[in-house]
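Q: Sharing a structure here in structure tokens format.
The values are calculated or read from the model by the stated rules, or taken from the named source; none is laboratory data. None of the values given here were measured: they were computed from a predicted structure. Note: ideal-geometry Cβ built from the backbone for every residue, glycine included; neighbour counts use all protein chains shown. All accessible areas refer to the heavy atoms of the entire protein, side chains included, with ligands and DNA or RNA removed. Shrake-Rupley method; radii C 1.70, N 1.55, O 1.52, S 1.80 Å.
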Protein chains: 2
Amino acid sequence: MDKIGFFRDLAIIFLSAKVMGLLAQKLKAPQVVGEILAGLIIGPSVFGWVGQSDFLSMMAEIGVILLMFGAGIETNMRDLLKTGPKALLIACIGVLVPLGGGTLLYGAFYGFGAVGSDKFLSAIFIGTIMTATSVGITVQTLKELGRLKGHIGTLITSAAIIDDVIGIIVLTFVIGFKNPESHPMDVVLHTGLFILFSFAVGFACYYLFKFIDKRWPHQRRIPILGLALCMFLAYAAEKYFGIADITGAYVAGLILCSLHDSNYIARKIDISSYMMFGPVFFASIGLKTQFGGFTAELLGFSVCFVLVALLTKIIGCGITARLMKYSWRDSTKVGVGMMTRGEVALIVSQKGLSVGMMDSKFFASVILLIIVSSVATPIILKLLYHGEPPEESETGAPVAVPEAPKA
Amino acid sequence: MDKIGFFRDLAIIFLSAKVMGLLAQKLKAPQVVGEILAGLIIGPSVFGWVGQSDFLSMMAEIGVILLMFGAGIETNMRDLLKTGPKALLIACIGVLVPLGGGTLLYGAFYGFGAVGSDKFLSAIFIGTIMTATSVGITVQTLKELGRLKGHIGTLITSAAIIDDVIGIIVLTFVIGFKNPESHPMDVVLHTGLFILFSFAVGFACYYLFKFIDKRWPHQRRIPILGLALCMFLAYAAEKYFGIADITGAYVAGLILCSLHDSNYIARKIDISSYMMFGPVFFASIGLKTQFGGFTAELLGFSVCFVLVALLTKIIGCGITARLMKYSWRDSTKVGVGMMTRGEVALIVSQKGLSVGMMDSKFFASVILLIIVSSVATPIILKLLYHGEPPEESETGAPVAVPEAPKA
């Protein structure tokens with residue numbers, strides 16, 4: 001890439017994402033669907049105007065970090081505490097059902113192996129790929145619909161965050177079968193340490209920010225220092241605890257969500273996000289896609305793979321929510337909100353490839369899953385929320401549904 | 001660098017830039033001085049916590065692009081047309097005087113050579129390095145002081161942009177002495193074509209944006225499409241016409257400066273800029289610095305080099321302004337505003353090294369010049385503006401001096 005080629009890439013992404021986003025809006029779909037499709041169109045799958053690059057990957061990573069940080073900031077802490085145990089249960093069942101479903105699917109196509117055999121491990125690995133939800137697109141959709149702060153929005157977001165952590169634990173256990181150097185208990189320990197670390201940093205930073213906020217309310221230093229905290233926790237989570245960076249960013253948001261100026265921070269982050277990093281993140285989902293290499297058999301498997309992955313998540317999370325007395329409609333929202341898969345599924349696949357538990361041909365199936373779930377989730381969520389009155393939060397405070405952002 | 005090391009780098013930059021910026025403010029200096037010093041402190045010169053990386057360079061480049069785009073948008077077109085011819089003259093004289101000064105300085109230290117000899121070319125190259133102003137820091141300072149939109153602010157900004165173009169023409173002519181493959185007239189031709197191209201794109205885009213703005217006022221699509229235009233012109237300027245990318249970004253700003261929603265665009269750009277890209281740009285000036293390799297003789301030369309570079313710019317631009325009936329104080333502002341040197345000086349030096357017209361030891365002098373001018377310019381400008389009443393613009397409309405931004 002020539003030295004300033006990234007300006008060209010960004011110009012194309014901003015223009016196409018906005019145009020396609022507006023087109024999607026015209027067709028009554030969420031804008032984010034248009035932005036993802038824009039990435040597909042300008043990327044190698046169709047026109048090939050923009051390729052993947054390290055720079056765009058980093059910009060996209062900042063994009064999803066900002067999204068999760070924003071979701072954390074907009075959380076109502078009391079709602080979160082109330083939904084926490086429910087979210088934990090939803091996340092657990094929502095990991096187990098796809099894990100089982102994926103394993104069975106592989107067996108149905110390629111035969112079942114004895115427990116512990118290579119075939120068995122390959123099967124269970126296909127299930128593992130299906131476990132991790134990718135919450136960025138759901139968060140953006142809920143935001144567009146003005147529902148992120150609602151009870152169901154909080155439930156989905158926190159369940160998806162927990163789901164990420166469980167997904168990593170499952171991955172480490174599964175790899176542990178094959179690779180004796182993997183220490184599953186270490187992951188559990190690290191997760192525990194991360195929670196302790198978050199509380200320690202959280203308390204210290206909360207009081208520090210509260211002091212700054214009281215002394216210098218509504219000044220630029222607050223969002224900027226908040227952003228520094230977000231970046232730091234994203235880094236620390238992944239680097240020192242092996243937890244996904246988005247979890248760190250979400251925790252940073254939670255630390256700041258009870259500040260007086262939390263809305264002020266959220267607005268600044270939101271602007272940085274939708275002006276530059278958001279479009280790059282959503283378009284990059286399409287950019288990473290490269291179809292091809294589908295044999296008829298693989299295509300059949302991939303279609304089933306996508307169906308199983310989506311349905312097991314909807315059923316696992318949805319039924320759990322329904323058992324906890326949510327209405328059918330709300331339970332479906334939870335299931336659909338959790339069904340999106342993204343980068344994490346790709347990362348897990350890469351891991352499986354490198355330890356020899358997965359054949360590279362299945363990458364095509366994973367990419368198909370990412371694209372289908374990324375496009376379908378926002379559309380179905382919008383339909384499910386259609387015509388509903390504004391929610392009340394757990395604490396009885398009415399949750400304002402802000403005007404749809406002017407796009 | 002590990003995959004997510006950039007989060008750590010960004011966290012350190014945001015935190016240190018803000019803290020040092022506030023400290024500078026406490027000491028009555030502009031914040032931007034603190035941000036540059038923050039880069040020095042966290043960079044290889046002192047603690048070495050953050051190193052240069054491609055990613056940070058690209059973020060910094062976006063930072064300066066956004067600054068110039070913002071400066072373009074905040075321009076009053078009538079003021080610009082009125083100051084244009086004056087700015088052209090200031091830029092010309094402001095290039096010639098340092099060119100002569102640098103040539104003489106080299107001769108004084110290392111002896112004069114006959115016209116056309118290698119020694120003569122080396123001397124004239126030292127002068128060439130001194131020609132190009134780097135306007136980003138001046139723009140940010142004027143913005144902090146609420147003076148960017150004023151008459152002098154417009155004069156400095158437009159002169160600095162013209163100065164960039166002239167600097168490139170001079171560079172090509174000088175290299176042409178040594179390298180027959182360099183075609184100076186091509187550069188002049190390209191510059192002319194770029195001006196034509198800017199007018200063509202400008203008219204088309206102006207009417208397009210005016211239509212969008214009228215139909216959907218105050219909606220996100222306007223700043224986002226504006227940003228796409230900025231990136232596109234920055235790219236096109238450098239890629240197809242050999243003109244600096246910041247010139248393209250400034251032109252993009254000028255195209256949009258007469259829109260109803262120009263303030264709305266400027267605000268969104270400003271937020272993206274000060275939240276992330278601005279601090280990275282200013283800190284990166286310090287990050288790129290690595291002192292060392294100074295012999296006593298080189299140190300003596302470097303100090304004289306810095307003095308000559310700063311004084312010739314102040315004298316060249318200042319006297320020209322004074323001859324055009326500006327007050328002594330305003331003339332000094334113009335001279336000081338134009339004396340900052342930055343990346344362009346480094347790029348010119350690199351070019352000189354590659355064609356064998358410059359010895360690599362002089363890099364240290366150039367870096368010293370960049371640091372001294374970057375730190376001194378904002379401080380002196382602030383002193384020069386101290387206690388002045390708000391200006392009136394050329395057209396008689398009072399120029400609002402906005403409240404100092406809350407930092």
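Q: Tell me, which longest segment in chain A has none of the GluC sites (Glu not before Pro) that fall in DSSP loops with at most 14 further Cβ atoms within 10 Å?
A: My reading of the result: A:182-402 is the longest stretch.
Q: As I understand it, the dipole of the protein assembly as shown uses +1 on the Cβ of Lys and Arg and -1 on the Cβ of Asp and Glu, about the Cα centre. Which of B:M339, A:L189, A:L22 lies farthest toward its positive end?
A: A:L22
Q: Over what distance in Å are the Cα centres of the stretch A:180-238 and the stretch B:256-293 separated?
A: With the stretch A:180-238 and the stretch B:256-293 each reduced to a Cα centre, they are spaced 27 Å.
Q: Next question. If one puts a single equal scatterer on every Cα of the stretch A:166-271 and applies the Debye formula without solvent, what log₁₀ I(q)/I(0) results at q = 0.18 Å⁻¹?
A: For the stretch A:166-271, the Cα-only Debye profile gives -0.82.
Q: Something else: If you plug each phi of the stretch B:299-309 into the Karplus form 6.51 cos²θ - 1.76 cosθ + 1.60 with θ = phi - 60°, what whole-Hz ³J(HN,Hα) values come out, in order, with x for Gly and Pro?
A: Couplings: 4, x, 4, 5, 4, 5, 4, 5, 4, 4, 4 Hz.
Q: Need one value: the accessible area of A:L307 in square angstrom, 1.4 angstrom probe, rounded to the nearest 10.
A: 90 Å²
Q: Leaving ligands and nucleic acids out of the surface, order A:V139, B:V375, A:V46 by accessible area at 1.4 Å, largest first.
A: A:V46, B:V375, A:V139
Q: Considering only the label points, 7 Å along Cα→Cβ from Cα, what distances in nm to one decimal separate A:F47 from the same position in each other copy, shortest first?
A: Here A:F47 shows inter-copy label distances of 4.5 nm.
Q: Follow-up question, since we're still on this one. ³J(HN,Hα) across the stretch B:256-263 via Karplus (A = 6.51, B = -1.76, C = 1.60, θ = phi - 60°), whole Hz, x for Gly/Pro?
A: So the Karplus estimates, Gly and Pro as x, are 9, 5, 9, 5, 4, 8, 4, 5 Hz.
Q: Debye sum, Cα scatterers, chain B, no solvent: what log₁₀ I/I(0) at q = 0.10, 0.13 1/Å?
A: The Debye formula, applied to the Cα set alone, gives -0.65, -1.14.
Q: State the answer as a single residue: which of A:Y110, A:G5, A:G84 lies farthest towards the positive end of the charge dipole of the stretch A:4-116, with beta carbon charges of +1 for Lys and Arg and -1 for Asp and Glu, about the Cα centre.
A: A:G84
Q: For the protein assembly as shown, I need the span (max minus min coordinate) of the C-alpha atoms along each principal axis, in Å, sorted largest to smallest.
A: Between the extreme Cα coordinates on each principal axis of the protein assembly as shown lie 89, 52, 50 Å.
Q: Enumerate by residue number the trypsin sites (Lys or Arg not before Pro) in the stretch B:1-63 meeting two conditions: DSSP loop (anything except H, G, I, E, B), and at most 11 other Cβ atoms within 10 Å of the site's Cβ.
A: Those satisfying the criteria are B:K28.
Q: Round to a whole angstrom and tell me the spacing of the C-alpha centers of the stretch B:348-378 and the stretch B:68-83.
A: A separation of 30 Å, based on Cα centres.
Q: Along the stretch A:348-362, what does the Karplus equation 6.51 cos²θ - 1.76 cosθ + 1.60 (θ = phi - 60°) give for ³J(HN,Hα), rounded to whole Hz, x for Gly and Pro?
A: After applying 6.51 cos²θ - 1.76 cosθ + 1.60, I find 4, 4, 4, 4, x, 4, 5, 9, x, 9, 9, 7, 5, 5, 6 Hz.
Q: Using the per-residue mean of other Cβ atoms lying within 10 Å as a proxy for protection, in what order, highest first, do the peptides B:158-166, A:209-217 fall?
A: Top of the packing list down: B:158-166, A:209-217.
Q: By average Cβ neighbour count within 10 Å, what is the ranking of B:121-127, B:276-282, A:259-265 from highest down?
A: Packing proxy ranking, top to bottom: B:276-282, B:121-127, A:259-265.
Q: Work out the mean other chain Cβ neighbour count within 10 Å for the residues of B:262-270 and drop it here as an integer.
A: Mean shielding by partner chains, rounded to a whole number: 1.
Q: As a quick test, which of the pairs A:K382/B:K268; A:K333/B:K268; A:K26/A:K333; A:K351/B:K268 have an alpha carbon distance above 30 angstrom in this structure? Please report the intermediate quantities before stating the final value.
A: Working: A:K382/B:K268 28 Å; A:K333/B:K268 33 Å; A:K26/A:K333 23 Å; A:K351/B:K268 40 Å.
Correct reply: A:K333/B:K268; A:K351/B:K268.
Q: Taking Cα pairs under 8 Å and at least six residues apart, what relative contact order does chain A come out at, in percent?
A: So the answer I get is 29 percent.
Q: Let me ask something additional. Please work out the average accessible area per residue across the protein assembly as shown, using the 1.4 Å probe convention, and give it in Å². Provide the component values of the computation, followed by the final result.
A: Numbers: 31910 Å² over 814 residues.
Value for the protein assembly as shown: 39 Å² per residue.
Q: Quick check: the distance between the Cα centres of the stretch B:99-158 and the stretch A:309-347, to the nearest angstrom?
A: When both Cα centres are located, 63 Å separates them.
Q: Average partner chain C-beta neighbours within 10 Å, per residue of A:227-237?
A: Mean number of neighbouring Cβ atoms from other chains: 6.
Q: Per residue of A:33-45, what is the mean number of Cβ atoms on other protein chains within 10 angstrom of that residue's Cβ?
A: Per residue, the average neighbour count from other chains is 0.
Q: Largest first, how would A:S117, B:S272 line up by accessible area (1.4 Å probe)?
A: Most to least solvent-accessible, the answer reads A:S117, B:S272.
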